[in-house]
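Taken together, the values in this text are just the output of simple stated rules run on the coordinates, not laboratory data. Given the structure is predicted, the values throughout are model-derived calculations rather than measurements. In this analysis, Cβ positions are derived from the backbone assuming ideal geometry, glycine residues included, and neighbour counts consider all displayed protein chains.
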Amino acid sequence: MSKQALIARLEERLQQLDAQSLRRTRRIADGACAPGVEIDGRNMLAFCSNDYLGLASHPRVVEALREGATRYGAGSGASHLVSGHSRAHAELEERLAQFMSPQIEQARALYFCTGYMANLAMLSALGGVGTALFSESLNHASLIDGARLSRSDVQVYPHGDLVQLSALLKASNAQTKLVVTDSVFSMDGDLAPLPALLELCEAHGAWLVVDDAHGFGVLGYNGRGALEHFGLSSPNLVYMGTLGKAAGVAGAFVAAHTSVIEWLVQRARPYIYTTAAPPAVAHALLTSMDIIDSEEGVARRAQLQRLIKQFRDGLHLRRWQLLPSETAIQPVQIGANDDAMRAASALYADGFWVPAIRPPTVPAGTARLRVTLSAAHTDVDVARLIAAIHNLES
């Protein structure tokens, strides 16, 4: 096939995306991550960031990043197992292990560049030929890809279906079993039934791998995420929390029994064969953790909960549907792709940045506006958005 034919084929496929209202676009943000932001030259009120506690532009975190760059330089230079594991990385891992120790027996933590990489590492290292991996149907793409990479026998159970999962676990003769789930589902905002899942895993000798990307720092009085929210503690837990959302910086970590973490260090290819994140990032995250684990963190979580209640109490829809969620993720389901795109465009024209989420991220026919709230928003911000959505739907 000629070069021209190759390009023509790609252009044809891009046109198909256009016809289905599925093409994604990028917008350029100027300035720090905050509710009020300049996008493509326009001042916008953003309801699309995962900066749930408003720490991305917190003065103390920004200063800690500057301090870290001055102390450690701009980059790490190599992988963690060569020369890239700095004092900042080590201190962050110790801090995270201490923070998660009430939920994880003999807790140890391992820091990763991204949550995507952490999920690939967990599942590829813990899984393998002869392992049975039971994956929630609404899991994030990184968990789906990690399951594929693991070479395990992957079985997908329906969303929140404990009966089906129980039957699958009972029918499995695999020596190693992994149940893998998001805690907060990123496009629906609902919570996985973690207590019942953990009970099943303990009964069947399985690991429960929890991706708490949207719960860490937000859920639980102390911000320890979904495990604290449900009051869970078990050696069967393998926990992943991201540090670029509520923590406001970048990266992720896995917390688990020390033997699990040592196995990841020895066998997790996405950890072993990549350059470590800049130490300055880890240094800044130490300050993020101080804030999360403080009275200020408690206050920010309480502010976020007040805004969630305000949004849910104030939004009364006739044609569209506000999906059930008590988290910072508040999806307004519209249905057709083009209708969702028109709604997002109308809000954008009115000064509100709210993304339209379409397949394959969500099932066909369930395109939606994904509203995300932050402790950095005000009640006036939320009231304005409620009014804008009401005007749009009327």
- request: Please list 359-365, 278-284, 339-345 highest first by mean number of surrounding beta-carbon atoms within 10 Å per residue.
  value: 278-284, 339-345, 359-365
- request: Collect residues whose amide H, placed 1.01 Å from N in the peptide plane, falls under 5 Å from the amide H of ILE104; neighbours closer than 5 in sequence don't count.
  value: none
- line: Neighbour-count ranking for ARG306, ARG318 (other C-beta within 10 angstrom, fewest to most) reads ARG318, ARG306
- line: Cα pairs beyond 32 Å in segment 59-292, in percent, come to 16
query: Tell me, what HN-Hα J-couplings in whole Hz come from the Karplus equation 6.51 cos²θ - 1.76 cosθ + 1.60 at θ = phi - 60° for each residue of segment 6-13, using x for Gly and Pro?
result: 4, 5, 4, 5, 5, 5, 4, 5
- line: Expected sort for MET44, MET240, MET100 with the fewest Cβ neighbours (10 Å cutoff) up front is MET44, MET100, MET240
message: Give me the dipole magnitude in Debye, nearest 20, for the chain about the Cα centre, with unit charges on the beta carbon: positive for Lys and Arg, negative for Asp and Glu.
response: 840
query: Among GLN305, SER294, VAL260, whose Cα lies farthest out toward the positive end of the dipole of segment 240-336, if unit charges sit on the beta carbon of Lys, Arg (+1) and Asp, Glu (-1)?
result: GLN305
query: Going toward the positive end of the dipole of the chain, with +1 on Lys and Arg Cβ and -1 on Asp and Glu Cβ, which of SER345, GLN106, PHE216 do you reach last?
result: SER345
- line: Whole-Hz Karplus couplings 3J(HN,Hα) for segment 275-286, θ = phi - 60° and coefficients 6.51, -1.76, 1.60, Gly and Pro as x, run 5, 5, 4, x, x, 4, 5, 4, 5, 5, 5, 4
message: What distance in nm separates the two pseudo spin-label positions at LEU81 and ASN222, each 7 Å out from Cα along the beta-carbon direction?
response: 3.2
field: Lys/Arg +1, Asp/Glu -1 at C-beta; the chain dipole; positive extreme among LEU96, ASN119, THR181
entry: ASN119
task: Multiply the residue gap between LEU17 and ARG269 by 0.36 nm, knock off their C-alpha separation, and tell me the result in nm, one decimal place.
output: 87.3 nm
- request: Among (i) 133; (ii) 165; (iii) 319, find the value of volume of the Cα convex hull per residue in Å³ that was calculated from the structure presented, and write down its label.
  value: (ii)
- request: Apply the Karplus parameterisation 6.51 cos²θ - 1.76 cosθ + 1.60, with θ equal to phi minus 60°, to every residue of segment 233-249 and state each ³J(HN,Hα) to the nearest whole Hz, in sequence, with x for glycine and proline.
  value: 8, 6, x, 7, 8, 10, 10, 10, x, 8, 10, x, 10, 4, 6, x, 10
- request: Using a Förster distance of 30 angstrom, determine the FRET efficiency expected from the C-beta separation of THR176 and SER101, and round it to 0.05.
  value: 0.75
- prompt: About the Cα centre of segment 59-292, what is the dipole size in debye to 20, counting +1 per Lys and Arg Cβ and -1 per Asp and Glu Cβ, all else neutral?
  reply: 600
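Using the 10 angstrom Cβ neighbour count as an exposure proxy, how do ASP18, ASP51 rank, fewest first?
Sorted ascending by nearby Cβ count, the order is ASP18, ASP51.
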- request: Name the residues whose placed amide hydrogens come within less than 5 Å of the amide hydrogen of LEU53, ignoring near sequence neighbours (fewer than 5 apart) on the same chain.
  value: ALA375
- prompt: So what's the gap between the Cα centers of segment 1-71 and segment 294-321, to the nearest angstrom?
  reply: 25
